[in-house]
Amino acid sequence: MVYNYTEEAVRRILPDVLKEYTRNNPGVCTCARCQEDILALSLNQLPPHYVATDEGTIFTKVSFDQIGGKAQVVAAITNAIKRVVANPRHKNPISGSAEYME
Ligand SMILES: [Zn+2]
């Protein structure tokens, strides 16, 4: 199967970057809906890096060197968080809740 290595890298560190961000900016929504938005916005800023793998291959370790360095990925995620925070897709902060408005 073909796999976007960039996506794997972003998914891998998104929780840490988000946790760090919310520590400095309390009240940021971290619901699943906002995290999906952050993931999508991050990936739109980063070049994809496709790799072909055997089915079922799981990356145990992501090499950020292959996709331009970790700093670039962190910067893209941070930028995405700011955009989602400034323009959330649902009405009220619903941190920790699975309910959201479309
Ligand atoms: Zn949210």
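The figures follow:
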| read-out | value |
| --- | --- |
| Residues whose placed amide H lies under 5 Å from that of T30, excluding near-sequence neighbours | S95, G96 |
| Computed helical MRE - 222 nm, the chain, DSSP H runs ≥ 4 contributing -39500 (n - 2.57), nearest 500 | -17000 deg cm²/dmol |
| Relative contact order of the chain, defined on C-alpha pairs under 8 angstrom at six or more residues apart (%) | 44 percent |
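Coordinate-derived values only; no laboratory data. These numbers come from a predicted model, not from an experiment.
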